[in-house]
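Remarks on the structure that follows.
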Amino acid sequence: MKKLVIKDVTRENVDEMVRICVPPDKREHPLFVEGMNIMKRWALGVIEDYASLGKLAYMDSEPVGMIQWLPNPEERLVEIRCIFVRQKENLRKGVGRALLKALIDDMGEPKSYFDNDTPLALVTTAFEVWGVYPQHKFYEKMGFMRAKADDPFLLYYPIKEGYVHVPKEESFNPQKEDEGKALIFYKPSCPFSIYFSEKMKESIKEVAPDIPIRMVNRFEEAAEVRKRGSVPACVVNKKPIQSFVLDKTGFQKEVKEGLKHDEKP
């Protein structure tokens, strides 16, 4: 039986976290190379500030899973960004459970960035992956609770006894300067970010070849994100695009509608 070991992500093994969810046949693709480089730069910055940002699961020294998070000292929360187990043969072997339990145990200890106290809670937005056990059901089995009764995907795990998480209500705040432009807000925490951003650019250019497109790094340009409130992955002519880029028909339909969009004063 293979031995499962959980380790913190550090400067020494950060490359293993960066590569783990990128298929081996994609690791030399220019867009994924750029995405991984951006992710590594982001990760090293977070490690510098908070000592770690994730944990890796190893089976017989082979990395098979990871959990990634980001502390939010202002709200005293830990935001789980991603939990991933590589390849189907590693599923249902307790890898995800071990990673999440290790994080819960870790965050039960005081942290300097929380004024030598523990966070109030872990929070996450679960998402569906076709053919895989529903992520929100996994979190609920691990003791997470809904932050909103009607939203099964927005979940939290209280570290402080009695804490009830009430999520901030934020809406998108379009800016006058975004009129006649397309903006793509990407997360450097994901190595797929540049790949999906380029797919968005291609789809936009097919229906609006002359529109200026601006890439916005959600972490390095945090002020640009904050002034727009709750930003989607893409905005066209001040209108949020809700369709996922791989739904090309729906995405391009929204882009066309966005080009006609005129925000009323």
Checked region 1-85 against the a/c 1.5 cut and the a/b vs b/c comparison, axes a ≥ b ≥ c from its Cα gyration tensor; verdict oblate
Protection proxy (average C-beta count within 10 Å per residue), highest first, orders 117-125, 198-206 as 117-125, 198-206
Treating only Lys and Arg (+1) and Asp and Glu (-1) as charged, each at its beta carbon, one finds that the chain has a dipole about its Cα centre, in Debye to the nearest 20, of 640 debye
With -39,500 (n - 2.57) per DSSP H segment of 4 or more residues and division by the full residue count of the chain, the 222 nm estimate, nearest 500 deg cm²/dmol, is -9000 deg cm²/dmol
Which of (i) 20.0; (ii) 19.4; (iii) 18.9 is the computed Kirkwood radius over Cα pairs in Å? It is (i)
Sorted on mean Cβ neighbours within 10 Å (highest first), peptides 58-66, 26-34 come out as 58-66, 26-34
For the chain the mean separation of alpha carbon contacts under 8 Å (6+ apart) over residue count, i.e. relative contact order in percent, is 15 percent
Restricting to Cα pairs under 8 Å and 6 or more apart, the percent relative contact order of region 31-80 works out to 21 percent
Pro73 neighbourhood, Cβ < 12 Å, K/R = +1, D/E = -1, net charge -4
Per the rule of 0.36 nm per residue minus the C-alpha distance, extending Asp105 to Ser171 adds in nm 20.4 nm
Restricting to Cα pairs under 8 Å and 6 or more apart, the percent relative contact order of region 140-265 works out to 25 percent
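So, by mean Cβ neighbours within 10 angstrom, what's the order for 133-140, 87-94, 50-57, 166-173 with the highest one leading?
By packing density, highest mean first, the sequence is 50-57, 133-140, 87-94, 166-173.
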Within the chain, the percent of DSSP beta bridges that are antiparallel, given to the nearest 5, stands at 80 percent
By the C-alpha gyration tensor axes a ≥ b ≥ c (rounded if a/c is under 1.5, else prolate when a/b exceeds b/c, else oblate), the shape of region 176-260 is oblate
Using alpha-carbon positions, the gyration tensor of region 44-127 gives root eigenvalues a ≥ b ≥ c; with a/c under 1.5 called rounded, otherwise prolate if a/b exceeds b/c, else oblate, the class is prolate
Computed from the beta carbon distance with a Förster radius of 35 Å, FRET efficiency for Asp151 and Asp60 to the nearest 0.05 stands at 0.35
Once Thr118 and Arg92 are pulled to full extension, the length gained, defined as 0.36 nm per residue separation minus their Cα-Cα distance, is 6.3 nm
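Computed from the coordinates by the stated procedures, all read-outs in this text should not be read as laboratory data. Quick caveat: nothing in here was measured; it's all calculated off a predicted structure. With ideal geometry, Cβ positions are generated from the backbone for all residues, glycine too; neighbour counts draw on all protein chains shown.
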